[in-house]
Amino acid sequence: MKKLFLICSILILISCQKEVDTTFLIGKEHVGKLKKNTPLKDLETIYALDSIVRDTLSSRIGSAKGKVRIYEKGGAHLLTLTPSADSLPVIENIRIFDPRFKTDKGIGVQSNFKQIKDAYPLRKVVTSMNNVVIFLKNSDMYFTISKEELPSSLRYAASTNIEAVQIPDEAKVKYLMVGWD
């Protein structure tokens, strides 16, 4: 009888677990309400309670021309989406603006370099004119850090390839992007 009671109690506890809210969760195949294969034409349904602003080059929301910006009704800029050029466009690139978007490890636009490298293995660091782009292993997510966050000896050297060990732990993220191909 005790075993039956114990089994019933465990089943009740398991069934009472709260469902995780994924509205602002960045995962391998999704960013909040968006999935990797979400057609662009579905944005009006997904973000029906929010505001969708598209570039003026785009004549309709399903068009692959121009970026699409998603704002909360209160005005907060959530995301900027870049569609693919396919005949049935899907979301190819996402720039995350809202600090509520985070990974399951707590990484978001307000993270610093130390938090990123402690949470995820780095794949490579690419140096550009004004920024350093950090790519992660086994992830579609990547981060841009401004060279302004680097020591002055690295800021102005255009030909220097910057390595991860040269980036200060406290360097702040400039952009958080997700690129789906």
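The values are calculated or read from the model by the stated rules, or taken from the named source; none is laboratory data. Quantities reported herein were computed from a predicted structural model and do not represent experimental measurements. Reconstructed Cβ throughout: ideal geometry from the backbone, glycine too, with neighbour counts over all protein chains shown.
Residue-level check: of (1) more than 19 Å from residue 24 (Cα to Cα); (2) in contact with a Phe, Trp or Tyr (Cβ under 6 Å, 6 or more places away or on another chain); (3) assigned by TED's automatic domain parsing to the domain that holds residue 46, residue 87 misses just (2).
Close contacts from the range 159-181, counting a first residue that is in contact (Cβ under 8 Å) with a residue 24 or more places away in the chain and a second that is surrounded by fewer than 15 Cβ atoms within 10 Å (Cβ to Cβ), with Cβ to Cβ under 8 Å and a gap of 6+ residues or different chains, come to 168/151; 169/114; 170/114; 172/110; 173/110. Quick check on the range 98-113. Is at least one of its residues under 20 Å from residue 161 (Cβ atoms) and either in contact with a helix residue (DSSP H, G or I) (Cβ under 7 Å, 6 or more places away or on another chain) or surrounded by 15 or more Cβ atoms within 10 Å (Cβ to Cβ) (or both)? Checking the range 98-113: at least one residue is under 20 Å from residue 161 (Cβ atoms) and either in contact with a helix residue (DSSP H, G or I) (Cβ under 7 Å, 6 or more places away or on another chain) or surrounded by 15 or more Cβ atoms within 10 Å (Cβ to Cβ) (or both).
Checked against (1) out of contact with any Pro (no Cβ under 8 Å at 6 or more places or on another chain); (2) among the hydrophobic types (A, V, I, L, M, F, W, C); (3) crowded, with 17+ Cβ neighbours inside 10 Å; (4) under 24 Å from residue 161 (Cα atoms), residue 129 meets all criteria but (3). Scanning the range 62-97 for residues that are crowded, with 18+ Cβ neighbours inside 10 Å, under 13 Å from residue 41 (Cα atoms) and among the hydrophobic types (A, V, I, L, M, F, W, C), we see that the one that is nearest to the chain's Cα centre (by Cα) is 81. Scan the range 107-138 for residues that are farther than 21 Å from residue 156 by Cα and either assigned by TED's automatic domain parsing to the domain that holds residue 78 or small (Gly, Ala, Ser) (or both) and the total you get is 3. Being in contact with a Ser or Thr (Cβ under 9 Å, 6 or more places away or on another chain) and either on the phi < 0 side of the Ramachandran plot or at pLDDT below 70 (or both) holds for only one residue in 19, 29, 92, and it is 92.
Within the range 108-181, which strands (runs of 3 or more DSSP E) (wholly inside it) include 3 or more residues that are of a type in the set (Gly, Ala, Ser)? Break it down into steps so the answer makes sense when it comes.
Values: elements: 122-127, 131-136, 141-146, 175-179.
Fully inside the range 108-181 and qualifying: nothing.
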